[in-house]
Amino acid sequence: LFADLYDNIGMDAQQADIAFLTSCAQRLSDGGVLVVNRWSTDTEAARRHRAAITEVFGDRVLQVSVRGGNNITLAFQGDIPKVVRRPFMDAAQALGVRLDIPLQRHARRLWDENTHVLE
């Protein structure tokens, strides 16, 4: 499930609302993932969003920052899958070459920003 709710003013407040996030979580199948794109220069809003996601999904959350100020959150219905670093990076490299995007750089950043969860 992907949430990228913006208008001409910025991110829709609903995207960080507990009721909305709970509704999203209830609609995920086992093993499902909610992906939320957030952009904000407001650090307090970012903190509130992280707190809301954590309240609904607990420690089953990964986040990665990308250029331009966006933050991508992956919130898992079940446990975060076990990922082995080297095959993960190799797969990111191969897919990135095929799609002509710097996927390995994003994969490395995802890993580095979530070392508390990924081993």
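The values are calculated or read from the model by the stated rules, or taken from the named source; none is laboratory data. These numbers come from a predicted model, not from an experiment. Don't worry about glycine lacking a Cβ; one is built from the backbone with ideal geometry, like all the others, and counts go over all protein chains shown.
Select from the range 25-34 the residues that are free of Cβ contacts under 8 Å to residues at least 40 places away in the same chain and not basic (Lys, Arg) and list them in ascending order. So that I can check it myself, show each step before the final result.
Residues of the range 25-34 free of Cβ contacts under 8 Å to residues at least 40 places away in the same chain: 26-27.
Once the filter is applied, which keeps residues that are free of Cβ contacts under 8 Å to residues at least 40 places away in the same chain and not basic (Lys, Arg), the range 25-34 yields only Gln26.
Just checking, which of Leu95, Leu118 is at pLDDT below 90, of a type outside the set (Ser, Thr, Tyr) and not assigned by TED's automatic domain parsing to the domain that holds Tyr6?
Details: Leu95 fails: at pLDDT below 90.
The match here is Leu118.
Among Thr41, Thr22, Thr73, Thr54, which is the only one that is in contact (Cβ under 8 Å) with a residue 12 or more places away in the chain, closer than 26 Å to Glu119 by Cβ and not assigned by TED's automatic domain parsing to the domain that holds Leu118? Quick ask: steps written out before the conclusion?
Working: Thr41 fails: closer than 26 Å to Glu119 by Cβ; Thr22 fails: closer than 26 Å to Glu119 by Cβ; Thr54 fails: in contact (Cβ under 8 Å) with a residue 12 or more places away in the chain.
Only one candidate qualifies: Thr73.
Find the residue count for the range 22-45, including only residues that are of a type in the set (A, V, I, L, M, F, W, C) and more than 13 Å from the chain's Cα centre (by Cα).
Looking only at the range 22-45, we keep the residues that are of a type in the set (A, V, I, L, M, F, W, C), and these are 24-25, 28, 33-36, 39, 45.
Filter once more, so that each one left must be more than 13 Å from the chain's Cα centre (by Cα): 24-25, 28, 45.
Within the range 22-45, residues that are of a type in the set (A, V, I, L, M, F, W, C) and more than 13 Å from the chain's Cα centre (by Cα) number 4.
Of all residues in the range 76-119 being among the small types (Gly, Ala, Ser) and surrounded by 13 or more Cβ atoms within 10 Å (Cβ to Cβ), which is farthest from Val61 (Cα to Cα)?
Let us first name the residues in the range 76-119 that are among the small types (Gly, Ala, Ser), namely 78, 91-92, 94, 96, 107.
So of that shortlist, the ones also surrounded by 13 or more Cβ atoms within 10 Å (Cβ to Cβ) come out as 91-92, 96, 107.
Working: Ala91: 21, Ala92: 20, Gly96: 24, Ala107: 15 Å.
Here the answer is Gly96.
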